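The values are calculated or read from the model by the stated rules, or taken from the named source; none is laboratory data. If you're wondering where the values come from, they're calculated on a predicted model, not measured in any experiment. Note that we place each Cβ from the backbone using ideal geometry, even for glycine, and neighbour counts take in every protein chain shown. Calculation scope for accessible area: heavy atoms of the full protein, side chains included, ligands and nucleic acids excluded. Shrake-Rupley method; radii C 1.70, N 1.55, O 1.52, S 1.80 Å.
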Amino acid sequence: MVVDLRSDTQTKPSPGMRAAMAAAEVGDEQEREDPTVLELERRTAALLGQEEAVYLPTATMGNQVALAILGRPGTELLVEERAHIMVSELGGAAFHSGLQTRGLPGHLGRLSVEQVRAAAWSDGDFWTPGVSVLALENTHNTAGGIVWPLGELRAVVAAGRELDLRVHLDGARLVNAAVASGVEVREIASLFDTVTICLSKGLGCPLGALIAGSSELMLRARVEKHRFGGAMRQAGIVAAAGLYALDHNVERLADDHARARRLAEGWAESGMPVDLELVQTNFVQIDLTALGLGEDEALYRIREQGVLLSRTRPGVLRAVTHLDLDDEGVEHALAAVPRALGARVSV
């Protein structure tokens, strides 16, 4: 038995999702003639409380399209220093949009009002680059699936607007944040000029993402989508997976969160260095520094016991629960990981 907890991107389409894909009505997506894509865009815009949404192959493309339409070349992007845009998109802000990125140290992946105001300070028009975009991430990946409290998020967005910044939300796992906090998705997403949402993580689709915003911004987003090479043809086959996910895989994210909590509590009881306060959604983090283990050795030991974990940042491994993980897999991982690392665990 192998239990794959590397990421919620490891899910396979369920039989029901595959059937929906096989039966999808299709057309030319690039010409906006694919009825399934159009329906997914309509439903996602409504979910996010935005005027319009644009279907894309990936959420990384969505983030980069957002920066291209919100930012001004030669200005700065403010973002938390370990955010996905900062560490996992290959300097796309500079490469594609001419933005200088300023990474700010966050607390659990979150920025403060004071940080945003201080970073947007300018010492004249000729030597200090202005700031044009503030990008936030919810849930925050490398912080361990941490959720922004809604009041805190509102305050930081408001601070950005006071400084005349455009504000983008990397909401790859936004639905996880909404389910965990009991807040409607639209209540979070509607705060922003643009928001991206990923379908291929907890929602279980094989691919796909959307960017949403005003109709004016989404017209520009469609231009950038084409420029980035994201225009497709009979894309309804994969868009149907997104519609299926919205119907079947949203509320069940709570099951993933419950299984992550079960893993975290069980590992902590076994003496594993797991901070239970950081387990808010479907991530569990193991602090290897407390075990005196390197990442490669730890991953090898765990893999030998039939469990796959992944790195999230130096010295930290993560387990990510998802719809392909059942209770049997949880029980296997609960025993296997402490057994693999037991020689280094102090109970």
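At 0.36 nm per residue, and after removing the present C-alpha to C-alpha distance, how many nm does the segment from Asp247 to Glu81 gain when stretched out fully?
The span from Asp247 to Glu81 would gain 56.3 nm if fully extended.
Once Rh for segment 57-141 is found with the Kirkwood sum over Cα pairs, what is the Stokes-Einstein diffusion coefficient at 20 °C and 1.002 mPa s, in µm²/s?
Translational diffusion coefficient: 164 µm²/s.
Which GluC sites (Glu not before Pro) in segment 169-254 pass both tests, a DSSP loop state and at most 16 other beta-carbon atoms within 10 Å?
For GluC sites (Glu not before Pro) across segment 169-254 that sit outside H, G, I, E and B with at most 16 neighbouring Cβ atoms in 10 Å, the list reads Glu184, Glu251.
Suppose we keep just the DSSP beta bridges with both residues in the chain; what percent of those would be antiparallel, to 5?
In the chain, DSSP labels about 50 percent of beta bridges as antiparallel.
State whether segment 91-136 is rounded, prolate or oblate according to the following rule on the C-alpha gyration tensor (a ≥ b ≥ c being the square roots of its eigenvalues): a/c under 1.5 gives rounded; otherwise a/b larger than b/c gives prolate, and the remaining case gives oblate.
oblate
Anyone know which of Val223, Val147, Val320 comes out most mobile in the 10 Å Cα GNM of the chain?
Val223
What whole-number value in Å² describes the accessible area per residue of the chain for a 1.4 Å probe?
42 Å²
Enumerate the calculated ³J(HN,Hα) couplings along segment 236-250 in order (Karplus 6.51 cos²θ - 1.76 cosθ + 1.60, θ = phi - 60°), each rounded to whole Hz, writing x wherever the residue is Gly or Pro.
x, 4, 8, 5, 4, 5, x, 5, 4, 5, 5, 7, 10, 10, 8
Can you tell me what percent of all Cα-Cα pairs in the chain are more than 26 Å apart?
50 percent
Considering only protein heavy atoms and a 1.4 Å probe, what is the carbon-and-sulfur percentage of the accessible area of segment 42-83?
Roughly 52 percent of what the probe reaches on segment 42-83 is carbon or sulfur.
If you restrict to DSSP beta bridges whose two residues both lie in segment 13-143, what percentage is antiparallel, to the nearest 5?
10 percent
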